[in-house]
Structure formats: structure tokens, C-alpha cells
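Below is one structure, written out as C-alpha cells, with a few remarks after it.
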Amino acid sequence: MPTIAIIGAGPGMGLAIARAFGSRGFDVALIARTKEKLGTLVAQLGQEGITAAAFPADVLDRASLTDALDAAKARFGGIDVLEYSPAPHSPVPGFTLAAPSEVTVDNLQPQIEYNFYGAVTAAQAVLPAMREAGAGTLLFTTGGGSVDPVPMLGNVNAAAAALRNWAINLNKELAGSGVYAAHVAINVWIGGGGPAGSRTATPEQIAPLYWDLHENRDRSEAVFNA
């Protein structure tokens with residue numbers, strides 16, 4: 001069975017992506033900080049006939065992220081698709097929002113660590129085996145501000161844009177190798193509770209885009225605008 005590893009797995013996008021791939025025959029490795037949350041998702045997917053397992057890790061702890069991916073490879077025999085989309089749903093120490101003129105090294109560095117360095121670490125953990133096999137998919141998710149930045153997210157958008165640039169460039173490097181990389185920019189508010197007048201979409205509406213990218217491999221970037 002092929003396997004997808006979802007980094008930043010939660011009850012929203014992570015679960016929807018797990019279902020999109022799991023319903024098509026994939027095993028699912030779920031990676032996130034909270035063991036209890038992952039256990040709930042594993043049980044939920046199991047009730048739907050999808051084989052899943054939990055591998056707790058923090059993307060800010062690069063060693064733990066590599067260890068989690070190694071454990072997932074050992075459990076399932078390899079990773080065929082990597083999806084990276086961590087998004088903090090509770091306060092993270094050191095994380096603040098800053099307008100472009102207020103960006104400093106101190107408030108930008110945590111965002112770089114979270115959005116960009118975590119993605120690079122994850123890719124390095126799975127890319128050698130994918131290259132050797134001549135097959136694999138790497139999908140990296142950011143908000144729409146990586147493409148069209150928003151002033152209040154000056155530091156977040158800058159870090160996400162670095163990931164976007166690298167992911168698109170990685171796909172250029174991998175051309176002809178059988179390994180594919182793409183960037184997904186979600187340019188809507190996911191679920192309810194967003195700012196008045198904002199465009200919204202459910203995780204279930206967005207998740208099929210990931211399967212389409214994996215199957216068709218015809219573009220290095222997709223922007224979901226609803």
C-alpha cells in the first residue's frame with residue numbers, strides 16, 4: 001500500500017487530506033505535536049476503513065521531525081507522498097504577527113523555523129529514498145499571503161514565500177527524476193469564524209486539490225481561491 005505522511009495533521013485540513021488519499025488506498029502517517037489529538041484522528045480514520053498511525057513530533061524540533069518520519073517509514077515500509085501544512089491553532093511561544101515595517105530578525109526567525117526549515121527538514125528525510133525509487137510526491141502548503149502578501153502578516157508571509165520559492169525551484173531540479181514537488185497556497189479562510197466578508201471554504205472542498213496535484217503532476221503551484 002502506498003503511504004502519505006501528513007505533517008501538521010489536525011481535525012481540519014489534515015483529516016480531509018488523509019481521507020482524500022486514504023479513500024484511494026493510501027495508508028496514512030499523521031505527524032503533529034499532540035499525541036492525544038493524533039490518537040483521536042487515527043481512531044476516526046480507522047472507523048472509516050483507513051489505516052493510519054500517529055507519530056508525535058514538533059516541526060520546531062528538527063530532530064524529532066526526522067525521527068517521526070523515520071518511524072513512519074519503518075511502520076509502513078516507506079513514504080510515497082509527503083504533505084507539509086503545520087498551522088498553529090494555539091499560542092506558540094515566540095510567535096507574533098508583524099507588519100512589514102515592524103519585522104525584525106527576532107520575530108521573523110521563528111516563522112522561518114516553522115514554515116521553511118521544518119519543510120526542508122521533512123523533505124530531506126524522505127527525498128533520498130524517493131530519488132532512489134524514481135517516484136514520490138512532495139506537497140507544501142502555505143496561506144495565500146505567500147503569493148499576495150497581507151500587511152498584518154509581514155513576517156509570516158515572508159517565511160511562507162521562502163517556502164514557496166524553494167518548493168517551486170525544487171520541482172524544477174527534480175524534473176525527469178520521477179519525483180514531483182508542488183506548492184499549495186490556500187487563499188481562503190478555512191471553515192467558519194473568519195473575518196466578515198472573507199472568502200471561505202471547508203477542508204473537504206480544498207482537499208481534492210492535493211489528490212489532483214499528486215495524480216496529474218502538471219503544475220508546480222496551485223492557488224485555492226474558492
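Suppose the filter is among the hydrophobic types (A, V, I, L, M, F, W, C), within 14 Å of the chain's Cα centre (by Cα) and open to solvent by 20 Å² or more (accessible area, probe 1.4 Å); does F76 pass it?
Numbers: among the hydrophobic types (A, V, I, L, M, F, W, C): yes; within 14 Å of the chain's Cα centre (by Cα): no; open to solvent by 20 Å² or more (accessible area, probe 1.4 Å): yes.
Against the criterion (among the hydrophobic types (A, V, I, L, M, F, W, C), within 14 Å of the chain's Cα centre (by Cα) and open to solvent by 20 Å² or more (accessible area, probe 1.4 Å)), F76 does not qualify.
Filtered by the rule that a residue be under 16 Å from the mean Cα position of the chain (by Cα) and assigned to a loop (DSSP other than H, G, I, E, B), segment 35-60 gives F55, P56, A57, D58, V59, L60. Screening T121 against (1) closer than 17 Å to A32 by Cβ; (2) of a type outside the set (A, V, I, L, M); (3) assigned to a loop (DSSP other than H, G, I, E, B) leaves a single unmet condition, (3). With respect to the conditions (1) touching a strand residue (DSSP E or B) at 6+ places or on another chain (Cβ under 7 Å); (2) not in a helix (DSSP H, G or I), A18 lacks only one, and its number is (2).
Criterion first (within 24 Å of R164 (Cα to Cα) and out of contact with any Cys (no Cβ under 6 Å at 6 or more places or on another chain)) does M13 satisfy it? Criteria met by M13.
Looking only at segment 139-155, how many residues end up being out of contact with any Phe, Trp or Tyr (no Cβ under 7 Å at 6 or more places or on another chain) and under 27 Å from F21 (Cβ atoms)? Give the steps one after another, and end with the answer.
The initial filter retains those residues of segment 139-155 that are out of contact with any Phe, Trp or Tyr (no Cβ under 7 Å at 6 or more places or on another chain), namely 142-155.
Of the ones still in play, those that are also under 27 Å from F21 (Cβ atoms) are 142-147.
The total comes to 6.
Rundown of residues vs (1) surrounded by fewer than 22 Cβ atoms within 10 Å (Cβ to Cβ); (2) part of a helix (DSSP H, G or I); (3) at pLDDT below 95, yes/no style:
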{"residue": "N157", "(1), (2), (3)": "no, yes, no"}
{"residue": "L163", "(1), (2), (3)": "no, yes, no"}
{"residue": "A167", "(1), (2), (3)": "no, yes, no"}
{"residue": "K172", "(1), (2), (3)": "yes, yes, no"}
{"residue": "A181", "(1), (2), (3)": "no, no, no"}
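Evaluated against (1) among the small types (G, A, S); (2) open to solvent by 20 Å² or more (accessible area, probe 1.4 Å); (3) under 20 Å from L138 (Cβ atoms), A43 falls short on exactly one condition, (3). For segment 185-197, the count of residues that are at pLDDT 95 or above and not basic (K, R) is at least one. Considering (1) under 14 Å from the mean Cα position of the chain (by Cα); (2) without any contact (Cβ under 8 Å) to a residue 40 or more places away in the chain, the lone condition that P203 does not fulfil carries the number (2).
The values are calculated or read from the model by the stated rules, or taken from the named source; none is laboratory data. Source: prediction; values computed, not measured. Backbone-built Cβ (ideal geometry, glycine too); neighbour counts: all protein chains shown. Ligands, DNA and RNA are stripped out before the accessible areas are found, and what is left, the full protein with its side chains, is counted by its heavy atoms. Shrake-Rupley method; radii C 1.70, N 1.55, O 1.52, S 1.80 Å.
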